[in-house]
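The values are calculated or read from the model by the stated rules, or taken from the named source; none is laboratory data. Not measured: the values here are computed from a predicted model. When we count neighbours, we look across all protein chains shown, and the Cβ atoms used for this are built from the backbone with ideal geometry, even at glycine.
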Amino acid sequence: MATRPGLMSRALTGWGFALPFAVLFLVFTAGPVVASLVMSLTDLGSADLLDPLGVDIVGLDNYARLFADPKFVTAAVNTTIFVVVGVPLTMALSLLVALGLNSGLIKFRALFRVGYYLPVVTSIVAISVVWRFILQPDSGLLNTMLGLVGIDGPNWLQTQSTALPTLIVMGAWRNLGFGMVIFLAGLQAIPKELYEAATIDGARKWAQLRFITVPMLRPTVLFVAVITTIGYVQFFEEPFVMTRGGPLDSTLSLAYHTYNQFGFGNYGYASAMGYVLFVVVVLLSIAWFRLLRNNVD
Amino acid sequence: MTSALDTRTETLPEGPPRRRAGDDLRSRDHVARVVLHVVLGAGLVVMIGPFIWMALASFKTEGEIRADPPTFFPQNGTLDNYHTLFTRLDFPTYFTNSVVVAVVTTVGNLLFCSAAGYALAKLAFPGKRVLFLIVLGTIMVPSVVTMVPLFVLSSNLGLVNSLAGLILPFLAQAFGVFLMRQFILSIPDDLLEAARIDGASELRIYWQIVLPLCRPALATLGILTFLASWNNFLWPLVAATTEDKYTLPVALALYAIGQNQTRYDLLLAGSVIIVLPVLVVFLLLQRHFVRGIATTGLK
Amino acid sequence: MTRPNRRTVLLAAVTAVALAASACGRDSGGDEGEAGEKVAQGKATGNITVWAMGTEGEKLSALADDFMKENPDAKVTVTAVPWDGAHNKIAAAIAGQQTPDVTMLGTTWIGEFAKTGALDVTPPDFVNKDDYFPGAWETGVVDGKSYSVPWYVETRLLFVNKAVAEKAGITEAPKDWDSLKQAFKDMQAKGGAKWGTYFQPGQTGAWQSVVPFVWQNGGDIWDGKEFTLDSPEATEAFEFYGSLYKEGLSSKDRLPDGEQEPKLLKGEIGSFVSGPWHIGLLNDLGGEGKYELWPMPSGPGDATSFIGGSNMSVFKNSKNRDSAWKFVSYLMKPEVQVKWYETVNDLPAVQSAWDDQKLSGDEMLKTFGDQLDKAKAPPSIPTWEQIAAGMDTELEKIAKGTESAADAAKAIQAQATSIGTGG
């Protein structure tokens, strides 16, 4: 009975469900976002805080200036490396752990789940204190252990070539639990019957993994991929707390540079940078969506 | 319909059922078990190690924390740090604020995001794609960019220095809708159609079929939202103008971080205090990552 | 069915942006305020809201209570604000018109917040600039007007390991650059230290240790009209800084937070430059008696060290302006400044407070007090933080040896000039 009243009532139902979210979202999230977009087209500085409308429109000037800013370029390169290496690394590790915990071969599952999730919930400042001790060049845990095998470890955080890779590893360590939790939920949603049927048909575990688990996990993988990418494109806490962007800006990230610019009061310029980040994230997400398109079951 | 509402709560499946006994196969399983335990166990040590160090360090003095070479176990254990925090901090107020804000934000998000996620995944309505794109788009804007406009907006709405002002801006997380949509997408349409044919209203379908099926996703969203809200620092700092509206992270930063130096002893003790409720919530909810219901309702 | 909707949404968004844009446009100037208005006589009354950061925020209520005893009709409410994020908070408060009556501000923030027009001009009849250390007073002056009153100050000295200095045969504090460098060398050769000193190799905040060299050498950052960061004096100062690393007198790697104190006490590092807060910190680590303080070396210039601290400002849109200023000036009474020192160990900004035995009798403090007479602050311009950050980057390149001091000086000057003074 798909008559017009039917369509109307479906529209109402749809909006009915979406409305509370939509209202809150549009007011508190979308609104400020649009406002910042406008900000990025001006030269709003801290001197204009009391009278924000009294600024000059500079159009895309801020955006153009970005690409001439050597720090911006450095930050962009660093962020790219961080994302390109860090996202697959973290996703792979969290998926492996989730598969391991889900395989039914493990006792004390709750302990493992909590343990792997701990780094996600612990404050970054506390984590940084610990990691700095681990990475200390002379008496740190890592170099002491390397010393046992005869390797003379470098000053991990203060050497240009090793600082960023160290942060990537730290990031993977820290965010692994997040992906794990979501993958676990996703794995749970796969009907047991599929596995039972496959086993009856004689499929071995690896084949089951390839032909049941992975395809069924697609929406979850897409979600983790997009969210992890978004998080990593905006990575800020690790460089801020561990290296302050050094040495020689080798760990300066785009989000950190943006934060600094906000600190200087260059609101217009910083908003423009924020929007460049936004565009980058949108492009990457579209890429992920293309790659992991939802198939119909 | 009854089988769809069957809420068996089993524990994790044992993977594919074991095959017929053959010493060969059983010992292969056994080896796999041991290897898996060792590997994951080693990983666990790496994961937990720093946290244990932090917990132990919270019982050390500032001097010992900064000692070179660093120590693992406290040489002169002391409860001073915790004592200082509990006496100097108006702990009950900050704790209550944090709890109220985090709980309301979490429950609100679970409700609104699942409802909107259901609509975006399974219902047809005009403007659906646009809404989803806008929502997705805003996840991608760094939060520092929107801080000042959000504050001006809150000020105009009279929300500054109130718990409502701490809750409302985060009650509808784009991230939450995205998560719920993805999960709900994998619920078979036939299940919902069958219910509709049986005459169930959308509300009933949502409440009695979709939500229970989403338990893992809801548990996940619950933990993530609670965590984000609990640890949120910048907004509660900016939005509160008197101390009685501070949340725990703000109060902790107040005592531990100075203009020119940081008090690591207070910081670490405070970090332990702050992380405990999140762990409790995680422990409570993580059972639900476990299979809640199979989509066996179809059969 | 969705296409018209998408177009409409886009259209709406574009219209919104255009409308907002058309409302914008900066005025071409207009004079920035008058001289400070007079403060009415009598006791303070009404509600006074005060923001203060960190420990100061925590303990200020003690002084507020005393104030309220003297002014029974006034009610002072102190809100403690964490240092972390305080700058953002104040900026947002100004934008959202949610500012308190009085706020504490870091000295390097005054330039920026004064330019917002949110700060009230200091009433000259009420607050006397001669009471304060000149370097401190200058931190509150922007474009010739005072927008903030120094509350407490800090300055930097050399903290030196006593045993290392003794073994190195150093009997008195070096007075100029050459003898300072020689002292560092001796500390390494004879004193048993691995590094004669530690200067942060660039990165956040390094400028605070380097700019004093510029001042010692008779140069300056700003001469009132333009930046002078590539002057011969400044370039020499940068060269001196670079030579510390080139000659192996300081580690080129940045020490993680919390490491330099134990290393100093062990004698691994011979010395470092820091402020009064390190006294408490080193004593907590069991270092009492193991270190001594040296004043900074001097050269052709007058000033020899950096002055910082915090000031108090009143907001223009305060509803209780006169009482707010009365509270601020209460905090500046010498006896109150001494009491404040006893409460939180902050050094008084008011010079006469130093006559008190509690300060003049303590030897370490006396060294700080003497240094304060010769300490200077960077210009109170709104863009200073950004220029300083640029300086930090170039300083790092000097320290690591990837750029010569001369090139760095030119780069710093170029950046500063292009950033401008935001005036």
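A few notes on this one:
- Members of the range A:40-60 found to be more than 16 Å from C:Ile90 (Cα to Cα), more than 7 Å from every other protein chain (Cβ to nearest Cβ) and not in a loop (DSSP other than H, G, I, E, B), listed by number: A:Ser40
- The set of residues in the range C:148-186 being of a type in the set (Val, Ile, Thr) and either over 12 Å from C:Trp294 (Cβ atoms) or assigned to a helix (DSSP H, G or I) (or both) consists of C:Val149, C:Val153, C:Thr155, C:Val164.
- Any chance A:Val214 is assigned to a helix (DSSP H, G or I) and within 11 Å of chain B (Cβ to nearest Cβ): no
- Residue count for the range C:74-109 under the criterion of being of a type in the set (Gly, Ala, Ser) and assigned to a loop (DSSP other than H, G, I, E, B): the result is 2.
- Sub-7 Å Cβ pairs linking a first residue in the range C:365-387 that is within 9 Å of chain A (Cβ to nearest Cβ) to a second residue that is in a loop (DSSP other than H, G, I, E, B), at least 6 apart or interchain, are C:Pro382/A:Gly265; C:Pro382/C:Gly422; C:Thr383/C:Gly420; C:Thr383/C:Thr421; C:Thr383/C:Gly422, ordered by first then second residue.
- Residues within the range B:55-111 that are closer than 30 Å to C:Gly57 by Cβ and either touching a residue at least 24 places away in the same chain (Cβ under 8 Å) or within 30 Å of the chain's Cα centre (by Cα) (or both), tallied: 36
- Candidate set from the range A:193-226 (those that are without any contact (Cβ under 8 Å) to a residue 24 or more places away in the chain and buried (at least 17 other Cβ atoms within 10 Å of the Cβ)); member that is nearest to B:Gly176 (Cα to Cα): A:Ile212
- For the range C:220-258, a residue qualifies if it is surrounded by 16 or more Cβ atoms within 10 Å (Cβ to Cβ), part of a helix (DSSP H, G or I) and in contact with a Gly (Cβ under 9 Å, 6 or more places away or on another chain), and the qualifying residues are C:Glu233, C:Ala234, C:Thr235, C:Glu236, C:Ala237, C:Gly242, C:Leu244, C:Tyr245.
- Residue match in the range A:66-87 (condition: assigned to a helix (DSSP H, G or I), under 30 Å from B:Val280 (Cα atoms) and more than 9 Å from chain B (Cβ to nearest Cβ)): yes
- The range B:220-250 - residue that is within 8 Å of chain C (Cβ to nearest Cβ) and among the hydrophobic types (A, V, I, L, M, F, W, C) and, of those, surrounded by the most Cβ atoms within 10 Å (Cβ to Cβ): B:Val250
- Whichever residue in the range B:86-108 is surrounded by fewer than 21 Cβ atoms within 10 Å (Cβ to Cβ) and touching a Phe, Trp or Tyr at 6+ places or on another chain (Cβ under 8 Å) and, among such residues, is nearest to B:Ile167 (Cα to Cα): B:Val103
- The set of residues in the range A:262-297 that are more than 10 Å from chain B (Cβ to nearest Cβ), assigned to a helix (DSSP H, G or I) and not aliphatic (A, V, I, L, M) comprises A:Phe264, A:Gly268, A:Tyr269, A:Trp288, A:Arg290.
- Selection within the range B:56-85 - exposed (fewer than 12 other Cβ atoms within 10 Å of the Cβ) and within 21 Å of B:Tyr255 (Cβ to Cβ): B:Leu79, B:His83
- Considering the range C:383-407, the residues that are among the β-branched types (Val, Ile, Thr) and outside any loop (DSSP other than H, G, I, E, B) include one that is nearest to C:Val142 (Cα to Cα), namely C:Ile387.
- Residue that is farthest from the chain's Cα centre (by Cα) [pool: residues in the range C:261-279 that are farther than 15 Å from C:Phe199 by Cα and not in a helix (DSSP H, G or I)]: C:Gly267
- Scan of the range B:138-166 for residues that are without any contact (Cβ under 8 Å) to a residue 24 or more places away in the chain, part of a helix (DSSP H, G or I) and either of a type in the set (A, V, I, L, M, F, W, C) or surrounded by fewer than 20 Cβ atoms within 10 Å (Cβ to Cβ) (or both), ordered by number: B:Val145, B:Val148, B:Val152, B:Leu153, B:Ser155, B:Asn156, B:Ala164
- In the range A:40-56, of all residues being modelled with pLDDT under 85 and among the aliphatic types (A, V, I, L, M), the one that is surrounded by the most Cβ atoms within 10 Å (Cβ to Cβ) corresponds to A:Leu44.
- The residues of the range B:26-69 that are β-branched (Val, Ile, Thr) and at pLDDT 80 or above, listed by number, are B:Val31, B:Val34, B:Val35, B:Val38, B:Val39, B:Val45, B:Val46, B:Ile48, B:Ile52, B:Thr61.
- A:Thr162 being assigned to a helix (DSSP H, G or I), in contact (Cβ under 8 Å) with a residue 12 or more places away in the chain and more than 14 Å from chain B (Cβ to nearest Cβ): no
- Qualifying residues in the range A:90-103 (those that are of a type in the set (A, V, I, L, M) and within 14 Å of another protein chain (Cβ to nearest Cβ)) - the one surrounded by the fewest Cβ atoms within 10 Å (Cβ to Cβ): A:Ala92
- On the stretch given as the range B:122-144, residues that are within 7 Å of chain A (Cβ to nearest Cβ) and over 29 Å from A:Ala255 (Cβ atoms) total 5.
- Taken over the range C:42-61, the criterion of being polar (S, T, N, Q) and either at the interface with chain B (Cβ under 9 Å from one of its Cβ atoms) or touching a Cys at 6+ places or on another chain (Cβ under 8 Å) (or both) is satisfied by C:Thr49, C:Thr55.
- In this structure, B:Ala217 does not satisfy being surrounded by fewer than 23 Cβ atoms within 10 Å (Cβ to Cβ) and touching a helix residue (DSSP H, G or I) at 6+ places or on another chain (Cβ under 9 Å).
- Selection status of B:Leu120, surrounded by fewer than 22 Cβ atoms within 10 Å (Cβ to Cβ) and assigned by TED's automatic domain parsing to the domain that holds B:Pro216: no
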